[in-house]
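Undergrad: Pasting a structure here, questions to come.
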Amino acid sequence: MFVAWRDLRFAKGRFALMGTVIVLITLLVGLLSGLTAGLGRQNTSAITGLPADRIAFQDSGGGLDVSYSDSTVTEEQWRRWARTPGVRWAEPLGITTTRATAGDRSAAVSAFGVRAGSRLAPHGGQLDERSVVLSGTAADDLGVRPGGTLTLAGQRLTVAAVEGDASFSHTPVVWTSLDVWARTAPHPGTGPGTGPGPAAGTGPGEGTGTGTGTGPGEGTETGPGEGTETGTSDGLGDGTGSGSGDGTDFGTGTGPAAARTATVIALNTGPGVDTAAADRAAGTRTLAKDDSLSAIGSYTSENGSLQLMRGFLFAISALVVGAFFTVWTIQRSGDVAVLKALGASTAVLLKDALGQAVVLLAGGTLIGTGLAAALGALVSGTAVPFLLTPATVLLPAAVTILLGAAGAALSVRRVTSVDPLTALGSAR
Amino acid sequence: MSLNLTDVTLTYPDGDARLTALDRVTLDVPGGTLTAVVGPSGSGKSSLLAVAATLITADSGTVTVDGVDTTGMGRGELTALRRRKIGIVFQQPNLLPSLTAAEQLQVMAVIDGRSPGRARARALDLLDAVGLADLADRRPHQLSGGQRQRVNIARALMNDPTVLLVDEPTSALDHERGAAVVDLIARLTRRRATATVLVTHDTTHLTAVDQVAEVRDGVLRRPARR
């Protein structure tokens with residue numbers, strides 16, 4: 001590095017110019033990384049925050065990709081999963097995007113329906129027919145606190161608690177009971193139907209009950225598992241019916257028949273669980289929780305685009321650094337020839353040249369990353385979804401240095417081909 | 001300490017044929033003596049210097065540096081030999097623009113794996129020996145042509161070589177400064193007992209040399225002692 005340091009000091013203008021380019025590229029990469037992570041969190045944090053390790057979707061068959069927006073699972077599928085050996089627990093989870101109103105404020109929210117007392121939701125024990133739990137952002141957007149009220153798809157509900165910062169598909173999460181969710185979500189099935197409800201049912205255990213309904217899908221339904229349930233099965237949700245059984249079904253015992261469906265099943269599995277066999281038996285397709293993020297349509301397209309931009313920036317960074325050091329190496333090939341003629345080994349010269357590149361890259365990247373972090377800290381907490389973590393700051397910096405060093409290495413290898421003989425009789 | 005070239009032949013490709021640059025050249029340069037190799041342009045002087053500097057491998061013959069036969073040596077061995085045993089004074093100073101006069105010498109220690117800090121005292125001594133003690137911290141563009149050439153000479157001596165090869169050191173200097181440079185090389189040769197070869201086409205500065213060898217069309221005439 002003896003010559004390299006002195007070159008850096010001597011050719012200040014050239015290196016300052018190149019350093020500025022590296023600073024700007026790193027700043028752009030840093031900002032884009034923070035923005036990508038922030039947007040990703042807005043899309044997925046409700047899913048990544050679930051205490052589950054796998055998510056079971058409806059298997060549409062035909063090799064179609066699963067999707068959180070298209071999936072509908074039934075109570076029977078949930079019960080099958082719950083009985084599967086190796087599964088610690090299985091919880092139905094309903095997801096829909098809707099609008100919530102509180103006073104004169106209104107906000108788009110994602111309603112996450114879970115069974116009362118479910119471990120999926122914060123303060124799940126406080127969820128019932130009239131109570132919801134809000135994420136912090138939802139509470140801020142709607143201007144409500146615990147004890148306040150809001151209207152969700154026409155249902156007047158009380159805020160039982162405000163907890164966490166879960167969001168899904170860029171909307172804050174409102175945790176509801178499955179029944180509230182069922183009345184909020186558009187259900188599979190078509191056309192209006194009427195049911196006589198409430199239909200009578202028997203209590204937990206072995207009881208039976210019957211009910212009738214009219215409209216599409218009308219008929220008697222027998223529930224899975226331990227109890228026989230009755231009610232309308234119009235698949236629309238605007239009839240009412242009562243279900244009974246073992247008291248652990250999707251709903252709370254009253255509510256629409258559509259509450260017997262959810263969007264996905266959240267699973268917590270132990271070692272040795274045969275998910276493929278369980279999927280075949282239940283008619284589901286199970287993904288690891290992190291893999292299931294690709295089933296969020298907006299996340300896949302948005303994240304893909306941003307990652308592509310980031311990848312291009314890394315490639316551009318490597319190319320720019322490589323181009324600079326190619327020109328620089330050609331310019332100083334006379335010096336290299338003299339040093340070789342004087343007895344400098346190629347290894348010493350390569351070390352010197354590559355060290356110079358790494359110093360320039362590290363310096364530029366450090367400044368660029370610092371600026372990105374400072375800007376990120378400024379915009380964090382505002383409407384800009386910027387996530388400032390070591391992963392979004394240090395990782396892109398490390399990648400920029402590594403790829404830049406690779407580009408520089410390809411350039412400075414020209415040092416090996418400089419002929420020391422050219423130093424004899426040369427005039428520089 | 002000596003340089004010996006024995007029956008050295010060197011050819012270059014010239015279309016389909018080969019051009020003979022050196023034709024069975026034999027030259028012995030004992031330590032502490034200055035040998036001038038003279039001849040017109042294209043006679044083979046530079047080729048002789050390049051072979052002696054181990055920058056080109058001869059087609060045949062042997063080159064011995066301080067008793068070490070360079071025949072069959074690999075590139076790495078030749079580089080190490082050049083670094084430790086051979087000093088080269090280039091036709092043009094070929095100084096590195098980012099380094100001061102002292103650093104031009106210190107870099108010789110660096111490429112030999114030694115500390116530049118410890119080498120500074122020796123660099124300053126050598127600059128003093130060539131009359132540049134006060135200009136140690138100047139960069140090349142702050143020195144005159146003659147001063148740059150003196151730095152060039154001092155750099156060649158930095159690793160205490162046994163063989164000193166000097167290529168047309170006066171070509172860019174006026175007569176007075178050219179004579180001063182040749183005198184300096186002669187003094188350093190005797191003081192440091194190096195086997196010095198001075199390649200030049202200018203025969204007006206040869207009063208200080210010990211022997212003169214003339215090369216024409218690649219053939220070296222028997223050196224004449226002076």
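Undergrad: Check whether at least one residue in the stretch A:292-304 is among the small types (Gly, Ala, Ser), within 20 Å of A:Ala406 (Cα to Cα) and surrounded by fewer than 16 Cβ atoms within 10 Å (Cβ to Cβ), and report yes or no.
TA: No, every residue in the stretch A:292-304 fails to be among the small types (Gly, Ala, Ser), within 20 Å of A:Ala406 (Cα to Cα) and surrounded by fewer than 16 Cβ atoms within 10 Å (Cβ to Cβ).
Undergrad: Tell me, yes or no, whether the stretch A:339-348 has at least one residue that is in contact with a strand residue (DSSP E or B) (Cβ under 8 Å, 6 or more places away or on another chain), without any contact (Cβ under 8 Å) to a residue 12 or more places away in the chain and surrounded by fewer than 22 Cβ atoms within 10 Å (Cβ to Cβ).
TA: No, the stretch A:339-348 has no match at all.
Undergrad: To continue, here is another question. Going through the stretch B:94-105 one residue at a time, which ones are among the polar types (S, T, N, Q) and surrounded by fewer than 24 Cβ atoms within 10 Å (Cβ to Cβ)?
TA: The answer is B:Ser98, B:Thr100.
Undergrad: Consider the stretch B:28-46. How many of its residues are over 15 Å from B:Thr204 (Cα atoms) and at pLDDT 90 or above?
TA: 7
Undergrad: Keeping to the stretch B:173-189, report how many residues are surrounded by 15 or more Cβ atoms within 10 Å (Cβ to Cβ) and either closer than 16 Å to B:Arg155 by Cα or within 16 Å of the chain's Cα centre (by Cα) (or both).
TA: 8
Undergrad: State all residues of the stretch B:190-208 that are within 16 Å of the chain's Cα centre (by Cα), crowded, with 22+ Cβ neighbours inside 10 Å and not in a strand (DSSP E or B); if no residue qualifies, say none.
TA: Result: B:Thr194, single match.
Undergrad: Give the residue that is nearest to the chain's Cα centre (by Cα), with candidates limited to residues of the stretch A:123-134 that are free of Cβ contacts under 8 Å to residues at least 60 places away in the same chain and part of a loop (DSSP other than H, G, I, E, B).
TA: Taking the candidates together, the pick is A:His123.
Undergrad: Take the stretch A:338-350 and flag every residue that is basic (Lys, Arg) and closer than 14 Å to A:Asp7 by Cβ.
TA: none
Undergrad: Let me spell it out: the conditions are (1) within 14 Å of chain B (Cβ to nearest Cβ); (2) buried (at least 22 other Cβ atoms within 10 Å of the Cβ); (3) of a type outside the set (Phe, Trp, Tyr), and A:Thr400 meets all of them except one. Which number is the exception?
TA: (1)
Undergrad: Can you tell me which residues in the stretch B:150-175 are part of a helix (DSSP H, G or I), in contact with a strand residue (DSSP E or B) (Cβ under 9 Å, 6 or more places away or on another chain) and either within 19 Å of B:Leu48 (Cα to Cα) or not charged (D, E, K, R) (or both)?
TA: Hits for the stretch B:150-175 are B:Asn152, B:Ile153, B:Ala156, B:Leu157.
Undergrad: Among what's in the stretch B:66-93 and is in contact (Cβ under 8 Å) with a residue 40 or more places away in the chain and over 13 Å from the mean Cα position of the chain (by Cα), pick the residue that is surrounded by the most Cβ atoms within 10 Å (Cβ to Cβ).
TA: B:Asp66
Undergrad: Taking the options A:Leu424, A:Leu394, name whichever one is within 14 Å of chain B (Cβ to nearest Cβ) and either farther than 30 Å from B:Ala172 by Cβ or not hydroxyl-bearing (Ser, Thr, Tyr) (or both).
TA: A:Leu424
Undergrad: Got at least one residue in the stretch A:137-156 being of a type in the set (Val, Ile, Thr) and either assigned to a helix (DSSP H, G or I) or without any contact (Cβ under 8 Å) to a residue 12 or more places away in the chain (or both)?
TA: Yes - at least one qualifying residue is present in the stretch A:137-156.
Undergrad: Just checking, how many residues over the stretch B:43-65 are more than 12 Å from chain A (Cβ to nearest Cβ) and either in contact (Cβ under 8 Å) with a residue 60 or more places away in the chain or in contact with a helix residue (DSSP H, G or I) (Cβ under 7 Å, 6 or more places away or on another chain) (or both)?
TA: 6
Undergrad: Considering every residue within the stretch B:93-107, establish whether at least one is touching a Lys or Arg at 6+ places or on another chain (Cβ under 8 Å) and over 20 Å from A:Ala423 (Cα atoms).
TA: Looking through the stretch B:93-107, at least one residue is touching a Lys or Arg at 6+ places or on another chain (Cβ under 8 Å) and over 20 Å from A:Ala423 (Cα atoms).
Undergrad: On the given criteria, is A:Ala406 touching a residue at least 40 places away in the same chain (Cβ under 8 Å) and surrounded by fewer than 16 Cβ atoms within 10 Å (Cβ to Cβ)?
TA: Answer is yes for this residue.
Undergrad: Among the residues of the stretch B:84-107, which ones are more than 8 Å from chain A (Cβ to nearest Cβ) and touching a Pro at 6+ places or on another chain (Cβ under 6 Å)?
TA: B:Lys85, B:Gly87, B:Val89, B:Leu95, listed by residue number.
Undergrad: So which of B:Arg138, B:Arg120 ends up being away from chain A (no Cβ under 11 Å) and closer than 19 Å to A:Ala4 by Cβ?
TA: None of the others qualify; the one that does is B:Arg120.
Undergrad: At least 1 residues that are of a type in the set (S, T, N, Q), touching a helix residue (DSSP H, G or I) at 6+ places or on another chain (Cβ under 6 Å) and in contact (Cβ under 8 Å) with a residue 12 or more places away in the chain in each: list the helices (runs of 4 or more DSSP H) lying fully within the stretch A:1-106 that qualify.
TA: A:12-48, A:75-83
Undergrad: Scan the stretch B:108-117 for residues that are in contact (Cβ under 8 Å) with a residue 12 or more places away in the chain and more than 8 Å from chain A (Cβ to nearest Cβ) and jot them down.
TA: Listed by number, the list holds a single entry, B:Ala109.
Undergrad: Could you list, in sequence order, the residues of the stretch A:6-31 that are small (Gly, Ala, Ser), under 24 Å from B:Pro140 (Cα atoms) and surrounded by 15 or more Cβ atoms within 10 Å (Cβ to Cβ)?
TA: If the condition is that a residue be small (Gly, Ala, Ser), under 24 Å from B:Pro140 (Cα atoms) and surrounded by 15 or more Cβ atoms within 10 Å (Cβ to Cβ), then A:Ala11 is the only one that fits.
Undergrad: Can you find a residue in the stretch B:66-83 that is out of contact with any Phe, Trp or Tyr (no Cβ under 7 Å at 6 or more places or on another chain), closer than 25 Å to B:Ala136 by Cα and more than 8 Å from chain A (Cβ to nearest Cβ)?
TA: No, that holds for no residue.
Undergrad: While we're looking at this one, here's another question. Being more than 14 Å from chain A (Cβ to nearest Cβ) and of a type outside the set (A, V, I, L, M) is the filter here, so list the residues in the stretch B:26-42 that pass it.
TA: B:Thr26, B:Asp28, B:Pro30, B:Gly31, B:Gly32, B:Thr33, B:Thr35, B:Gly39, B:Pro40
Undergrad: Right, something else. Out of the residues in the stretch B:3-27 that are modelled with pLDDT under 90 and either within 18 Å of B:Ala195 (Cβ to Cβ) or outside any strand (DSSP E or B) (or both), which is nearest to the chain's Cα centre (by Cα)?
TA: Ranking the qualifying residues of the stretch B:3-27, first place goes to B:Gly15.
Undergrad: In the stretch A:322-358, how many are away from chain B (no Cβ under 14 Å) and either of a type in the set (Ser, Thr, Tyr) or closer than 16 Å to A:Gly13 by Cα (or both)?
TA: The qualifying residues number 6.
Undergrad: Taking interchain pairs and intrachain pairs at least six residues apart, which have beta carbon atoms under 9 angstrom, with the first residue in the stretch B:162-176 and at positive phi and the second part of a loop (DSSP other than H, G, I, E, B)?
TA: Close Cβ pairs (under 9 Å, with a partner that is part of a loop (DSSP other than H, G, I, E, B)) amount to B:Glu168/A:Gly425; B:Glu168/B:Phe90; B:Glu168/B:Gln91; B:Glu168/B:Gln92; B:Glu168/B:His201; B:Glu168/B:Asp202.
Undergrad: Looking only at the stretch A:295-322, count how many residues are in contact (Cβ under 8 Å) with a residue 12 or more places away in the chain and more than 20 Å from A:Val358 (Cα to Cα).
TA: Number satisfying all stated conditions: 11.
The values are calculated or read from the model by the stated rules, or taken from the named source; none is laboratory data. Please read all numbers here as calculations on a predicted model, not as lab measurements. Positions of Cβ are backbone-derived with ideal geometry, glycine not excepted, and every protein chain shown enters the neighbour counts.
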